[in-house]
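Rule-based calculations on the coordinates, nothing more; no lab input. Here the structure is a predicted model, which means the values were calculated and not measured. When we count neighbours, we look across all protein chains shown, and the Cβ atoms used for this are built from the backbone with ideal geometry, even at glycine.
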Amino acid sequence: MFELILTALAIPFVCGLAVLAIRRPAAAAWFNLCGSLLTSATLFWIVRRFVAQGPFHQGGFMLDALNVLFLLIVAVLSLTAALYSIPYMAHELRDGHLTEKMIPRYFFLFQFFVLTMILTLVMENLGLLWVAVEATTLVSALLVAFSLNRSSLEAAWKYVMVCSVGIAMALLGTILLYYAQVQAGYTDVQPLGWFALSENAFLFNPALVKLSAMFILIGYGTKAGLAPMHTWLPDAHSQAPTPVSGLLSGALLSVAMYAIARNLAVFNLLPTVGQVAGQLLVGFGLLSIGIAVPFLLLQHDIKRLLAYSSVENIGLIALGFGLGSPLGLYGALLHLINNAIGKSALFYVSGELVQQYRTKQILRIRGVIRVMPVFGGMLLALVLAVSGLPPFGTFLSKLTIIQAMFHDGWWQGLLALLLLAAVFAGMIYYTLKLLFGEPPANLKPLRLSPAVTVAVGLSLLLLVSTGFYVPVWLDALLRAAVVIVGGGGR
Amino acid sequence: MNVLTVLLLFTAFLITRVSNLRLAIQILIVQSLGVAVACVWSGLGSELMHTYIAAMLTVVIKAGMIPYALFRVAARLRNETENKPILSPNQTSLAAALLLAVAYGLVDQALPGLGRDALAGALSGFLIGLLIMITRRQAVLQIVGLIMMENGIYLLGLSMTRGLPLIIELGVFFDVMVAVIVLGILTFRLKLSFMTTDTTVLQKLKG
């Protein structure tokens with residue numbers, strides 16, 4: 001198992017460096033895909049071995065039900081993003097937005113971005129987890145700024161500044177947690193190690209851990225794009241190259257939520273702290289959904305529309321975590337998976353539209369269903385999926401979270417439902433504007449590249465299948481993860 | 001230790017008054033050297049090797065490589081000074097004084113029983129760094145504010161637990177260094193694209 005984890009980290013590292021030596025853009029893109037295929041295969045193998053053998057811990061790495069779920073997300077999304085990068089980059093080159101020299105650098109950053117995300121997930125030590133999360137920010141900032149035009153520089157600057165401050169808060173919280181550990185007399189155990197914490201945290205000074213929890217939740221909450229710390233998110237997610245937007249919205253936000261979940265698992269060992277942390281998360285969650293509504297109802301930019309939808313979905317997931325009940329946690333974890341797959345695919349679709357119509361303005365993109373019937377159908381299906389309609393998996397997960405909210409108190413559930421209805425109104429209104437109407441006269445019906453169809457089709461297939469049936473092994477993983485986050489220790 | 005706390009606060013207050021980029025970086029070097037001395041100081045009592053390594057890294061990275069990178073960026077930014085900060089130097093100094101009081105209040109509330117002055121000094125260093133980041137428009141000064149925050153956190157860790165375990169410390173140093181490199185690249189690109197590193201020009205993305 002240890003070797004497998006090392007392999008999963010080594011492949012993106014080696015591929016990232018090797019791709020710099022490839023001059024031809026198309027070759028670099030295919031090489032990148034091969035690298036991502038190998039990484040994803042290794043990750044799936046790790047998941048399979050885990051399902052058969054159970055938890056693993058060695059040499060600073062660990063696997064338990066919680067991080068294996070997130071490895072699954074990274075495995076699927078890095079693969080679809082690598083697939084979509086092939087036609088996307090070729091198109092950008094044809095349009096002259098990028099030069100050939102920039103392409104290898106893109107794939108180098110792509111591989112390292114995936115590397116830092118995997119690293120975040122397998123770390124056993126909460127301090128090193130912090131280090132890896134900060135590393136994801138730095139690599140992805142260069143990807144956000146990749147096209148080096150004015151707006152992407154602006155987005156990247158805001159991204160690094162806001163997230164660095166946020167993540168500095170998380171470091172402060174982590175130091176406070178370490179102090180709580182030292183103060184309780186555990187100096188001989190692994191400092192800030194997950195296993196040491198999950199065994200002893202219930203003996204820590206609750207006041208101190210409470211303080212630490214606030215800093216950590218605000219800090220990683222900034223990275224996860226929870227309101228009111230979400231201000232960087234629409235900029236960064238709309239300005240990045242679209243395959244990266246998909247990764248940022250689907251995978252990186254999930255990884256940030258993983259950092260929250262892992263720390264929450266420690267806080268939940270102390271009931272008073274768990275309560276405060278839960279209330280804070282519920283507050284952030286409701287605020288995130290609420291803040292997204294006006295921006296979703298009045299939006300001109302298609303990628304920003306999707307970015308605000310991410311704020312809303314992450315808010316809903318934070319709600320599920322904050323409720324703390326097994327039902328809420330189960331729904332939140334399932335929704336993380338579903339949302340990651342759906343949102344990334346929706347970004348790929350939007351990227352294709354932006355390239356074909358040469359504009360990000362929603363009002364200028366019309367008649368998609370006439371020009372690209374199959375593609376329009378996939379767009380509609382994905383919007384319905386991301387909004388949480390049956391028969392997609394998101395329906396099941398959103399329903400579970402709402403159900404957990406009604407168990408907690410009817411007014412919260414009602415408020416969340418009303419906000420979700422408003423979100424749906426905004427999403428579907430703009431989608432219908434995109435789909436119907438008269439397409440611009442100069443737009444010829446274009447053939448889609450097979451890579452996009454495969455990437456989006458695969459995502460849709462996964463979403464529909466989780467809508468009907470959660471496989472037994474996945475259900476077992478989810479249940480085990482719920483116990484971990486809920487404060488059940490290992 | 002008190003002398004070092006005073007030095008940290010003095011440099012922090014000095015930066016609230018600076019509009020010249022190079023001067024701000026020089027003050028940052030002094031502050032980082034102070035942090036390194038504090039690190040050695042805390043290691044003297046015990047026989048912990050790792051505090052000395054951490055002190056050495058502080059000198060090399062925070063007083064050496066980071067200022068070097070910032071000076072290189074600043075060298076390309078002729079005629080760039082902080083012209084109209086969001087809070088004037090006087091207002092910023094006043095706000096910093098308020099933050100110092102807030103820091104003392106917070107430490108008394110939340111962390112009683114530890115070295116009060118050192119903790120409050122470190123916490124106000126963190127808060128003043130944040131203040132600089134928010135109220136300054138020049139990209140380089142914002143980076144300086146970020147490193148000040150980092151210094152404040154480092155000192156907090158030092159006075160609470162004699163610093164983090166070495167492996168985590170190494171990771172944090174590495175991240176800080178890469179962050180400055182990334183921000184340096186972005187600053188340089190801002191100069192190329194916008195002809196200025198005044199971040200007020202960054203207001204196109206809205207809604």
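Semi-axes of the stretch A:209-251's equivalent ellipsoid from the Cα gyration tensor, sqrt of 5 times each eigenvalue, largest first, rounded to whole Å?
26, 10, 5
When only C-alpha pairs under 8 Å and at least 6 residues apart count, what is the relative contact order of the stretch A:2-485, in percent?
Over the stretch A:2-485, the number comes to 16 percent.
Could you put A:CYS34, B:CYS39 in order, starting from the residue whose Cβ has the fewest other Cβ atoms within 10 Å?
If I rank by nearby Cβ atoms, fewest first, I get A:CYS34, B:CYS39.
How large is the direction-averaged shadow of the alpha-carbon convex hull of the stretch A:268-400, in nm²?
Projected over every direction and averaged, the Cα hull of the stretch A:268-400 covers 8.3 nm².
Name the lysines eligible as straight-distance cross-link partners of A:LYS303: C-alpha to C-alpha under 17 Å, and not fewer than 8 places from it in the same chain.
Cα-Cα hits under 17 Å: A:LYS343, A:LYS360, A:LYS433, B:LYS204, B:LYS206.
Peptide A:151-159: average number of partner chain Cβ atoms within 10 Å per residue?
5
Given a cut-off of 22 Å, what percent of all Cα-Cα pairs of the stretch B:75-176 lie beyond it?
Above the 22 Å cut-off, the stretch B:75-176 has 40 percent of its Cα pairs.
Mind checking the alpha-carbon convex hull of the stretch B:100-144 and giving the volume per residue in Å³?
Hull volume over Cα atoms, normalised by residue count, gives 61 Å³.
Can you list the HN-Hα couplings for the stretch A:378-390, worked out from phi with the Karplus curve (6.51, -1.76, 1.60; θ = phi - 60°), rounded to whole Hz and with x for Gly and Pro?
Per-residue couplings from phi come out as 5, 4, 4, 4, 5, 5, 4, 5, 5, 6, x, 9, x Hz.
Based on C-alpha coordinates, I'd like the Rg and Dmax of chain B, in Å.
17.1, 56
Give me the Debye-computed log₁₀ of I(q)/I(0) at q = 0.09, 0.10, 0.11 Å⁻¹ for chain A, equal point scatterers on Cα only, no solvent, two decimals.
-0.55, -0.69, -0.84
Relative contact order of chain B: what whole-number percent is it, with Cα pairs under 8 angstrom and at least 6 residues apart?
Averaging sequence separation for qualifying contacts and normalising by length gives 25 percent for chain B.
Other chains' Cβ within 10 Å of B:134-143 residues: what's the mean?
1
Output needed for the stretch A:1-52: three equivalent-ellipsoid semi-axes, defined as square roots of 5 times the C-alpha gyration tensor eigenvalues, in descending order, whole Å.
26, 11, 4
Could you tell me the extents of the stretch A:314-392's C-alpha atoms along the three principal axes, largest first, rounded to whole Å?
If we take the Cα atoms of the stretch A:314-392, the spans are 47, 23, 17 Å.
Mind sorting A:GLU100, A:GLU199, A:GLU438, A:GLU134 by how few other Cβ atoms lie within 10 Å of their own Cβ, fewest first?
Listing A:GLU100, A:GLU199, A:GLU438, A:GLU134 from fewest to most nearby Cβ atoms yields A:GLU438, A:GLU100, A:GLU199, A:GLU134.
How much mean residue ellipticity at 222 nm does chain A get from its helices, if each DSSP H run of length 4 or more adds -39500 (n - 2.57) and you divide by all residues, to the nearest 500 deg cm²/dmol?
The helix contribution divided over chain A gives -26500 deg cm²/dmol.
Going by how many other Cβ atoms sit within 10 Å of their own, how do A:HIS230, A:HIS91, A:HIS300 line up, fewest first?
A:HIS300, A:HIS91, A:HIS230
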